[in-house]
Each structure stands twice: as C-alpha cells, then as structure tokens.
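Worksheet for the structure shown next.
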C-alpha cells in the first residue's frame, strides 16, 4: 500500500476545490464571464468554469499569450506583466499570472472592465498564496 498516494489525493482535491471556488466567485460577481480557467504555466488545465469542450484550448492559448508577452517585455527590459487584456468586438480575453499558474477569463463586451481587472488581480494574489 502506497501511503504517498493517500496523502496526495486529498491535498489535490482541496487544491481543485479552492481553484474552482475562486472561479465560481468571479463568475457569480460577473455574469458576463463566459469562460474562466486556471492553467499551469505550460498550458495544462487545472480548473475551469463552466466545464466544457473548449477548456483545454483556452488553457493552452492563454498560457501561450502570457508567456509571449513576458518574453516581449523581457526584450524591452520590462518586469513581468500584471495581466494581459485582449479586446475584441465580441468581448475581452484577460489573463493574469497567479503564482505558478495563470487565471484567464473570456467575457462579453459589456463587462465592467475596471472592476473586473481589480478583482482579477485580487484573485491572482489569493491563488499565488495557494502555490
């Protein structure tokens, strides 16, 4: 019997619950959020709301975008970005570094962007403590 698996599973369950709760809170405050995910730096999906077929694609694209922005900023001598924001006629895509992970949101264009950016940064700070 491998005791290390018994210890890791409850810990992983708590982590998943914490990540899902963070996304649930954001979605409850902002009904304009159509997709929310927390992903690893290499694009692996850790949590998503709502759960659906496009989650893994959103995860991979968000990690790629944030990593590309980091590299571009490094080339300019900038520090790490706080978040990225992509504006599109159909809405916004936001991604923020949250410790070792990335929190990403897709929203409708009518979202209260200033408030959401503030709450996104607060969520990222809380998630950084979970790492």
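Taken together, the values in this text are just the output of simple stated rules run on the coordinates, not laboratory data. These numbers were taken from a predicted model, which means no experiment stands behind them. Ideal geometry is used to build each Cβ from the backbone, glycine not excepted, and the neighbour counts take in all protein chains shown.
Annotations
- Where strands (runs of 3 or more DSSP E) fall wholly inside the range 46-131, the ranges with 3 or more residues that are buried (at least 20 other Cβ atoms within 10 Å of the Cβ) are 91-98, 101-107.
- Filter result for residue 44 (out of contact with any strand residue (DSSP E or B) (no Cβ under 7 Å at 6 or more places or on another chain) and touching a residue at least 24 places away in the same chain (Cβ under 8 Å)): no
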